[in-house]
1. With the requirement that a residue be over 25 Å from the mean Cα position of the chain (by Cα) and of a type in the set (Ser, Thr, Tyr), what does the stretch 110-133 give you?
2. (1) out of contact with any Ser or Thr (no Cβ under 6 Å at 6 or more places or on another chain); (2) over 21 Å from Val28 (Cα atoms); (3) not acidic (Asp, Glu): which one isn't true of Gly83, the others all being true?
3. State which residue is surrounded by the fewest Cβ atoms within 10 Å (Cβ to Cβ) when the search covers only the stretch 134-145 and only residues that are small (Gly, Ala, Ser) and within 28 Å of the chain's Cα centre (by Cα).
4. Would you check which residues across the stretch 80-101 are within 12 Å of Thr161 (Cβ to Cβ) and surrounded by fewer than 18 Cβ atoms within 10 Å (Cβ to Cβ) and list them?
5. Do we find that Val51 is out of contact with any His (no Cβ under 8 Å at 6 or more places or on another chain), free of Cβ contacts under 8 Å to residues at least 12 places away in the same chain, under 25 Å from Phe18 (Cβ atoms) and of a type in the set (A, V, I, L, M) in this structure?
6. Looking at (1) modelled with pLDDT under 85; (2) among the basic types (Lys, Arg); (3) out of contact with any Leu (no Cβ under 8 Å at 6 or more places or on another chain), which is the one condition that is false for Arg144?
7. Among the residues of the stretch 35-48, are any of a type in the set (A, V, I, L, M) and not in a helix (DSSP H, G or I)?
8. Just give me the residues in the stretch 102-118 being under 21 Å from Ala85 (Cα atoms) and aliphatic (A, V, I, L, M), in sequence order.
Amino acid sequence: MTLEFLQQELLKVGGVSFTPLGLLTALVSFVLVFVFAILVSRLLARGLSKVAIVEEGERYAISRIAYYLILIFGALACLEGLGIAIGRPFLTLGGTSISLFSLSTFFALSALVLVGSQIAGRAVANTLLNKAHFDEGLRYAIGRITYYVLLVTGMMAALQTIGVQLGSITVLIGALGVGIGFGLQNI
């Protein structure tokens, strides 16, 4: 008798049937994802404290990003388990269809690109170029150029995950890169 109740349909929204067992499974799954996100965030913060090139604020940002990414993608998996299609487009702009999954992937990649390019730019300036005994201004300039190159490249990749076509923008960025290259010849 109890098992039949767990399989009965409570609610039907948009063609998706919700049963007590399905809702209970989703709730337990999300609690497990929440606990897992906390554990990973704390272990990551502890592990990053031993890495010299990562500053304290970046450690916090990286552990928070990992926490929210696990929560968001875990929640999406719970929704998928309930039968809600997270890959189905909910918005179409021009020829680009945007789904909940592609939007989440875009924000995840954007956050990782922002933090990663900042760490890489500073690592190039302070670690690699410091050993080559370059002037401080030149080290800073090369570090910033590294940061911006990684940032632009990463954001272009993130935009392509939601379907934005960057063919015409690539030509413009290539021309801008040639101009910057000619401008930096005197440095």
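The values are calculated or read from the model by the stated rules, or taken from the named source; none is laboratory data. Worth saying up front: this structure is predicted, and the values here are computed from it rather than measured. So basically every Cβ, Gly included, is an ideal-geometry build from the backbone, and we count neighbours across all protein chains shown.
1. Thr127
2. Exception for Gly83: condition (2).
3. Out of the qualifying residues, it is Ala141.
4. Result: Thr96, Ile98, Ser99.
5. Numbers: out of contact with any His (no Cβ under 8 Å at 6 or more places or on another chain): yes; free of Cβ contacts under 8 Å to residues at least 12 places away in the same chain: yes; under 25 Å from Phe18 (Cβ atoms): no; of a type in the set (A, V, I, L, M): yes.
No; evaluated as a whole, the condition is false for this residue.
6. Among (1) modelled with pLDDT under 85; (2) among the basic types (Lys, Arg); (3) out of contact with any Leu (no Cβ under 8 Å at 6 or more places or on another chain), Arg144 violates only (1).
7. Within the stretch 35-48, none of the residues are of a type in the set (A, V, I, L, M) and not in a helix (DSSP H, G or I).
8. Once the filter is applied, which keeps residues that are under 21 Å from Ala85 (Cα atoms) and aliphatic (A, V, I, L, M), the stretch 102-118 yields Leu103, Ala108.
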